[in-house]
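For reference, the structure is listed below as structure tokens.
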Amino acid sequence: MNHGDLIFVGYQSKPSSSIANDAASGLQQDSSIDATKRPWELATEDLVDSYWRGQTGMLPRGRDAQFCKHGPKGMCDYCMPLEPYDVVYHKENNIKHLSYHAYLRKITPKTSSASSFLPPLTPLSYKVKIPCPTGGHAPWPGGICTACQPSAITLASQQFRMVDHLEIASTDIIERFLHAWRNTGLQRFGWLIGRYEPYDKVPMGVKAVVEAIHEPPQEGELDGLTLGLPWEDETRIRELAKSASTPLTIVGYIFTDLDPTPEDRSKNVYKRHPGSFYLSSLEAIFAATVQKANPTLSRSSSTGQFASRLVTAVLTATEDGHVDVSAYQVSEQAVAMVEADMIEASVDPGIVRVKEEDRSQETARYVPDVFFTFKNEYGLEVKKSAKPCFPVEYLMLNVTHGFPQNPSPMFKSTRFKIENRPGLEDQSVEQVLSILLSLDAPDIVESRFAKPGEFHKRKEMATCLSDWHLVAFLGTSQLFSPEDMKVLMQTVSRQDLLEEPSALDPLLATDGWQTLMTFTRESAPARPSDSVPPGSSSHMDEDIPQEVFDQIAAEEAGHGDSSLRVCPHLTLNEES
């Protein structure tokens, strides 16, 4: 065949049945191909994402008395709803960052259809592409070109944040967490267990609601702590949290950075302020590492995952020496730089150091040019090289925080001993049995068999059981099966737990609960034999309260006449 030759192709028509079969097989092949090429369609988003995707997010405005010239049912440019990413609205309401869904609404084309939809988000990556897309040279570090090397990086404030607000369901959660530091002076770390909900203070906003703090194994110190990652209990805790009546997950982590002042031990040193730092470089790198390990599933990302909603919370001192919460996230640039092993902490906590390039085979590291911009003393924007170091503020995002005005926490109690506090708070099955025995738990039956007037006992026991730390501990006691643990978690996390008499019925019917009640009955202390009057029948005395025997023993001791014996069954004294 030579250049310019003509080629003619002929074809024959197939029967309609074969065409239909070929079309069906083609659809199956296309669907399998789409499943591999379009991972965003397989992503299962959080409930809060599904909620905001079904909303317009438009910001309503009232009729402008000065500029609106139309009737009450009309609309013009001065009163039409605003887009959720409107710059003027955010500036007037002091909202620094767009919410995640407002940012999506801003960058998503308005005319895209479902069939031609392409995700507008792509996760950042500062790694060298291996192998090179051109295939013209050996893979890094053997060679590099413009097609496989990352571009220069200019650090800038991120336009959006994945979480706009951190809400702690109750002040008791923070107080119990601070209890360890107040008793030992050692810093503490804990994972925030909660859920994500819409936040109405920010257009299309998302807030993280914290219902409990779970403390992993750790070694606290006066000026820091040692933590092991990954922690071995993570899978069990995530499954337990998912079993709640409203599914929970790990929404972030919290740690203390408190140092009492020498003059007044009731106040703390004001460490984190504009003149020093808010989040140290080491803490920012740790936050980026944890955020990278906990991505958010998204149908708007080409990989089906984008960014992270994990929040970093710090319990530190305010300017007046009191304790307050500060919440942050780190930017996607920070996560990408940590993933590419480009930055490290420095001696100065407010400075991040850029690593040197390394072309060795074992520890190869490519570091592109890194810049950051700032305004000089003349108000002009200046670009400066970030090598060898730059301020940590370029990697941070502020997250507001607060407590609800009318607290209604999912877990009604925080009194049980907290895990992984050896020597300070030790958990044991004996403690659980003692608590249940004091509440007369073995005598509490299903609501249909309950006697009148016993609702207060059920309410007391329900309040005691609705404790995250107690439920998490019972999961390690091997008394409850995985199915019974799900029933326990669903029961104690119900919103109507203290109002509905039958709320405990599913739990009382489980085998795990019956086993626990058997141990509780067996752990009941035996009646002291020395307080039982001599000659009394043990079989007849079973129904006599212990207080009666104690009273009889006291009376006989005070009477002093050994010939006089008090009968516990009759209201008279018998001469022996």
Which numbered condition in (1) in contact (Cβ under 8 Å) with a residue 24 or more places away in the chain; (2) basic (Lys, Arg); (3) open to solvent by 20 Å² or more (accessible area, probe 1.4 Å) is the only one that Arg161 fails?
(3)
List the residue pairs whose Cβ atoms are under 6 Å apart, where the first residue sits in segment 79-104 and is without any contact (Cβ under 8 Å) to a residue 60 or more places away in the chain, the second is of a type in the set (D, E, K, R) and open to solvent by less than 80 Å² (accessible area, probe 1.4 Å), and the two are 6 or more positions apart or on different chains.
Cys79/Asp64
Looking only at segment 345-361, decide whether some residue is under 23 Å from Gln159 (Cβ atoms), open to solvent by 30 Å² or more (accessible area, probe 1.4 Å), touching a residue at least 24 places away in the same chain (Cβ under 8 Å) and part of a loop (DSSP other than H, G, I, E, B).
no
Lone qualifier among Ser413, Ser428, Ser408 - being open to solvent by less than 40 Å² (accessible area, probe 1.4 Å) and either at pLDDT below 90 or within 23 Å of Ile250 (Cβ to Cβ) (or both):
Ser413
Could you list, in sequence order, all residues of segment 389-405 that are open to solvent by less than 80 Å² (accessible area, probe 1.4 Å) and closer than 30 Å to Pro368 by Cβ?
Cys389, Phe390, Pro391, Val392, Tyr394, Leu395, Met396, Leu397, Asn398, Val399
Of the residues in segment 35-46 that are at pLDDT below 90 and not aromatic (Phe, Trp, Tyr), the one that is least open to solvent (accessible area, probe 1.4 Å) is Ala43
Could you please find all residues in segment 112-129 being at pLDDT 90 or above and either open to solvent by 70 Å² or more (accessible area, probe 1.4 Å) or assigned to a loop (DSSP other than H, G, I, E, B) (or both)?
Pro120, Thr122, Pro123, Leu124, Ser125, Tyr126, Lys127, Val128, Lys129
With the first residue restricted to segment 384-397 and required to be touching a residue at least 60 places away in the same chain (Cβ under 8 Å) and outside any loop (DSSP other than H, G, I, E, B), and the second required to be hydroxyl-bearing (Ser, Thr, Tyr) and open to solvent by 10 Å² or more (accessible area, probe 1.4 Å), Cβ contacts under 8 Å at 6 or more apart or on different chains are Val392/Ser280; Glu393/Tyr278; Tyr394/Ser157; Met396/Tyr278; Met396/Tyr328; Leu397/Tyr328
Picked from segment 476-496 (must be surrounded by fewer than 21 Cβ atoms within 10 Å (Cβ to Cβ) and closer than 18 Å to Arg458 by Cβ), the residue farthest from the chain's Cα centre (by Cα) is Asp496
Considering only residues that are of a type in the set (A, V, I, L, M, F, W, C) and in contact with a Leu (Cβ under 7 Å, 6 or more places away or on another chain), look in segment 193-236 and name the one that is surrounded by the fewest Cβ atoms within 10 Å (Cβ to Cβ).
Leu222
In segment 440-469, what residues are within 16 Å of Asp496 (Cβ to Cβ) and of a type in the set (Lys, Arg)?
Arg458, Lys459
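Please verify whether Ala180 is out of contact with any strand residue (DSSP E or B) (no Cβ under 7 Å at 6 or more places or on another chain), under 30 Å from Phe480 (Cα atoms), open to solvent by less than 20 Å² (accessible area, probe 1.4 Å) and in contact (Cβ under 8 Å) with a residue 60 or more places away in the chain, treating the condition exactly as stated. If you could, list the steps in order and put the result at the bottom.
Working: out of contact with any strand residue (DSSP E or B) (no Cβ under 7 Å at 6 or more places or on another chain): no; under 30 Å from Phe480 (Cα atoms): yes; open to solvent by less than 20 Å² (accessible area, probe 1.4 Å): yes; in contact (Cβ under 8 Å) with a residue 60 or more places away in the chain: yes.
Answer is no for this residue.
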Identify all residues within segment 47-66 that are touching a residue at least 60 places away in the same chain (Cβ under 8 Å) and open to solvent by less than 60 Å² (accessible area, probe 1.4 Å); write none if there are none.
Val48, Asp49, Trp52, Gly57, Leu59
Just the residues that are open to solvent by 30 Å² or more (accessible area, probe 1.4 Å) and either in contact (Cβ under 8 Å) with a residue 40 or more places away in the chain or touching a His at 6+ places or on another chain (Cβ under 6 Å) (or both), please, taken from segment 334-344.
Val338, Glu339, Glu344
Tell me which strands (runs of 3 or more DSSP E) are completely within segment 212-288 and hold 3 or more residues being among the aliphatic types (A, V, I, L, M), or say none if there are none.
249-257
Can you list residue pairs whose Cβ atoms sit under 6 Å apart, with the first residue in segment 427-444 being without any contact (Cβ under 8 Å) to a residue 60 or more places away in the chain and the second being in a helix (DSSP H, G or I) and aromatic (Phe, Trp, Tyr)? Count only pairs 6 or more apart in sequence or on different chains.
Gln427/Phe473
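The values are calculated or read from the model by the stated rules, or taken from the named source; none is laboratory data. Computed from a prediction, not measured in an experiment: that's the story for all the values here. Note: ideal-geometry Cβ built from the backbone for every residue, glycine included; neighbour counts use all protein chains shown. Heavy atoms of the whole protein, side chains included, go into the accessibility calculation; ligands, DNA and RNA do not. Shrake-Rupley method; radii C 1.70, N 1.55, O 1.52, S 1.80 Å.
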